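Below is one structure, written out as structure tokens, with a few remarks after it.
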Amino acid sequence: MSFADLGLSDELMRAVTEAGYSEPTPIQASAIPSVLMMRDIIGIAQTGTGKTASFVLPMIDILAHGRSRARMPRSLILEPTRELAAQVAENFEKYGRYHKLSMALLIGGVSMGDQVKALEKGVDVLIATPGRLMDLFGRGNILLTGCSLLVIDEADRMLDMGFIPDIEEICTKLPAQRQTLLFSATMPPPIKKLADKFLSNPKTIEVARPATTNINITQWVVPVSSSKKRDRLTDLLENPEVKTAIIFCNRKTTVRDLNKALKRDGFRAGEIHGDMEQSERIAELDRFKAGEINILVASDVAARGLDIKGVSHVFNFDAPWHPDDYVHRIGRTGRAGATGVAYTLVTAEDAENIANIEKLTGQKINRVNGEALPEAAPRDGDGRRGARGKAKDKGRDERRDDRRPAKAESPAREAPPVREARPAPKAPSPPAPPARRDAAPPARADARLDYDPNPVGDANWHGPFPDFLRFALG
């Protein structure tokens, strides 16, 4: 099947062809015709499957007919984070180049002034995070009574971040007769309840079973003592196979400290976390995409939705507290049909976390050099593991910044040899991750508008934001 078989307009087909795509991904092939027929949709798809284009493309053609009015957007797309909202806006800019559609991007962390001005002119597409939308609605700057199409993206992530009450309130302010599209990586009971309440006879499209990891990603667990984690990470990073890497930490303080340590060791590293201003986060991501740095140390704010081509390796410096986060973290590599490698450094306190991850994904993760996991730390009086405390600590640390996962299965491969952790004599370094002073992400060309349809996630895109984003991001 080609995009020409999906019933898209000639203008839209021209934009898709110029972007270099000819074949739709499974979710696009299933969702686009149904959206064009004005059906409500529940799309269950892992990150990197082309989900964004599956609603952006038909929306462009649907909205091509009609006229916007002041402060009354014709369609609304809800995203859990600023980065995801900006990526969706980039999709509209890219594929709507031959349509005269107006849009506004409402995200926190930037001035409201220009956003309000754009709303007063009238917009066809409003892309927003729930918090900023509710704020402007409360000020009387937005009327949602003219919105005939609603997209709730990353619904399970919305649940994790506590946005479901906001979404329910937003839904009550939209016309009862509307088209609603809901996309989620998983369907926990609260999301199913939300869909039952606000969608009308929806068509369910599922392209991967829940909680699977990408089969293109080779996964390794690296048993290590807490005192040797940085040394073992450095050993792995020094391997020449590591071209670009994202390193995930559970706490923002760990992100900052680890980034400083890597820079001292001569690595071209940067950082991104929830305490940074939006402009700083965008600038750091642009440096990573442009190849100025090839290691990005991140908190879970970056674990979801950021489509960056050419990431060869993912490292979990801290084993994630929530098994869902593991799937989304490692999903930053192995995108668009490429292969990738994911390493998780595991201490004694992490044994239970790894067991939960393996239970969720239904697969056992290979151990480097076949080493056994360290014994779990004894529980203290209130049932917590050592000093880690409960998983809720993560919520406090990231302040609703980010969470949750994607899907597929991982093939078993022979473990690469890993250098013994210092102070033992150094053996050959493991074949897996370098990310040092040279090597930018390898250029990729894919004939499918799929796993990476987002220009913000394109390693070849590092120009200025288009005008509609310039006012939104200040």
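The values are calculated or read from the model by the stated rules, or taken from the named source; none is laboratory data. Just so it is clear, the model here is predicted, and its values are computed rather than measured. All Cβ positions, even for glycine, are placed from backbone atoms using ideal geometry, and neighbour counts span all protein chains on display. Calculation scope for accessible area: heavy atoms of the full protein, side chains included, ligands and nucleic acids excluded. Shrake-Rupley method; radii C 1.70, N 1.55, O 1.52, S 1.80 Å.
Side notes on the structure shown:
- Flag for P175 being under 30 Å from V35 (Cβ atoms) and either open to solvent by 50 Å² or more (accessible area, probe 1.4 Å) or polar (S, T, N, Q) (or both): no
- Residues in the range 201-214 include at least one that is among the charged types (D, E, K, R) and in contact with a helix residue (DSSP H, G or I) (Cβ under 6 Å, 6 or more places away or on another chain).
- Scanning the range 42-72 for residues being at pLDDT 90 or above and part of a loop (DSSP other than H, G, I, E, B) gives a total of 1.
- Filtered residue count, the range 48-80, keeping only those that are open to solvent by 10 Å² or more (accessible area, probe 1.4 Å) and within 23 Å of the chain's Cα centre (by Cα): 4
- Complete set of residues in the range 110-169 that are within 13 Å of M72 (Cβ to Cβ), of a type in the set (V, I, T) and buried (at least 23 other Cβ atoms within 10 Å of the Cβ): V123, V125, I142
- The set of residues in the range 13-29 being under 22 Å from the mean Cα position of the chain (by Cα) and surrounded by fewer than 19 Cβ atoms within 10 Å (Cβ to Cβ) consists of A19, P26.
- Pairs where the first residue, in the range 1-23, is over 18 Å from I62 (Cβ atoms) and the second is assigned to a helix (DSSP H, G or I), C-beta under 6 Å, 6+ apart: M1/A29
- Condition check for R71: of a type in the set (D, E, K, R) and without any contact (Cβ under 8 Å) to a residue 60 or more places away in the chain: no
- With respect to the conditions (1) open to solvent by less than 30 Å² (accessible area, probe 1.4 Å); (2) in contact with a Ser or Thr (Cβ under 9 Å, 6 or more places away or on another chain), P240 lacks only one, and its number is (1).
- Residue, modelled with the highest pLDDT, within the range 208-226, restricted to residues that are surrounded by fewer than 21 Cβ atoms within 10 Å (Cβ to Cβ) and β-branched (V, I, T): I215
- With respect to the conditions (1) within 25 Å of L8 (Cα to Cα); (2) touching a Phe, Trp or Tyr at 6+ places or on another chain (Cβ under 7 Å); (3) acidic (D, E), E90 falls short on a single one, namely (2).
Here's the yes/no breakdown for (1) out of contact with any Cys (no Cβ under 6 Å at 6 or more places or on another chain); (2) within 21 Å of G340 (Cβ to Cβ); (3) without any contact (Cβ under 8 Å) to a residue 40 or more places away in the chain:
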site	(1), (2), (3)
P240	yes, yes, no
T254	yes, no, no
D257	yes, no, yes
L262	yes, yes, yes
F267	yes, yes, no
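- Residue satisfying all of: in the range 264-300; among the basic types (K, R) and assigned to a helix (DSSP H, G or I); most open to solvent (accessible area, probe 1.4 Å) among these: R264
- The residues of the range 163-190 that are touching a Leu at 6+ places or on another chain (Cβ under 6 Å) and of a type in the set (A, V, I, L, M, F, W, C) amount to a single one, L174.
- Residue match in the range 227-234 (condition: over 22 Å from R332 (Cα atoms), loosely packed, with under 14 Cβ neighbours inside 10 Å and over 23 Å from the mean Cα position of the chain (by Cα)): yes
- Any chance R97 is open to solvent by 10 Å² or more (accessible area, probe 1.4 Å) and in contact with a Cys (Cβ under 7 Å, 6 or more places away or on another chain): no
- Checked against (1) touching a residue at least 40 places away in the same chain (Cβ under 8 Å); (2) under 20 Å from M59 (Cβ atoms), M187 meets all criteria but (2).
- Of the candidates D153, D124, D166, D114, the single residue that is in contact with a Ser or Thr (Cβ under 6 Å, 6 or more places away or on another chain) and of a type in the set (D, E) is D124.
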